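See below for the structure under consideration.
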Amino acid sequence: MFIQNLNAKQQFLLVEMAETIITSDGKISENEQVVLNTILAQVSEEAKVLTDVRISDVGRIFDTQTAKSSLLLELLGIALADDEFHDNEEEYLLDVARKISVSAEHLTELKDWVVGLMKHMKKLEPLMGDQ
């Protein structure tokens with residue numbers, strides 16, 4: 001949803017972090033896999049072939065507020081896809097936020113937005129007519 005805000009290096013790191021967070025609670029739900037697959041489908045061809053990007057450079061590579069928020073929104077979408085927010089997922093997101101110089105308060109604001117969006121999406125399902 002926000003991957004278009006990221007350049008190739010940022011997209012590459014998003015995928016790396018998405019794969020980490022999806023397994024951080026010890027299980028991969030079907031919804032988490034769907035969200036990850038959606039991200040993978042949107043990654044640019046350039047990002048798919050990068051080899052010189054290191055996770056340790058995350059603070060330098062995510063250099064704008066838009067990129068930082070986009071990263072966290074995508075990771076929150078994965079973490080909350082199974083309707084749970086596991087302690088390991090929360091710790092990982094707090095660590096990522098710290099590394100990219102985003103406050104815990106801003107991370108909470110982003111989380112609240114994602115939770116609200118997911119509630120609206122669930123209300124939309126019956127209106128789509130397939131229920």
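Coordinate-derived values only; no laboratory data. All of these numbers come straight from a predicted model, not from anything done at the bench. Here Cβ is always computed from backbone atoms with ideal geometry, including for glycine, and neighbour counts include all displayed protein chains.
Tabulated data for the structure shown
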item: Cβ-derived FRET efficiency at R0 25 Å, Met128 paired with Thr20, nearest 0.05; result: 0.15
item: Cα long-axis angle, helix 87-99 against the chain (0 to 90 degrees, to the nearest 10); result: 40 degrees
item: Exposure proxy order (Cβ contacts within 10 Å, fewest to most) of Leu72, Leu107, Leu127, Leu117; result: Leu127, Leu117, Leu107, Leu72
item: Helix 8-23 vs. the chain, principal-axis angle (Cα, 0 to 90°, nearest 10); result: 50 degrees
item: Gain in span if fully extended, Glu45 to Thr108, counting 0.36 nm per residue against the direct Cα distance; result: 19.5 nm
item: Anisotropy class of segment 42-100 from Cα gyration tensor, a/c 1.5 cut; result: prolate
item: Two-decimal log10 I(q)/I(0) for the chain, as the Debye equation yields it once each C-alpha is a single scatterer, q = 0.11, 0.18 Å⁻¹; result: -0.37, -0.99
item: Gain in span if fully extended, Gln4 to Val34, counting 0.36 nm per residue against the direct Cα distance; result: 9.0 nm
item: Long pairs among Lys99/Lys123; Lys9/Lys122; Lys27/Lys123, criterion Cα-Cα beyond 30 Å; result: Lys99/Lys123; Lys9/Lys122
item: Anchor Lys119: lysines whose Cα lies under 17 Å away (excluding residues fewer than 8 positions away in-chain); result: Lys111
item: Vicinal HN-Hα couplings computed from phi for segment 38-53 (Karplus, 6.51 cos²θ - 1.76 cosθ + 1.60; Hz; Gly/Pro x); result: 5, 4, 4, 5, 9, 5, 5, 4, 4, 5, 5, 10, 5, 10, 9, 9
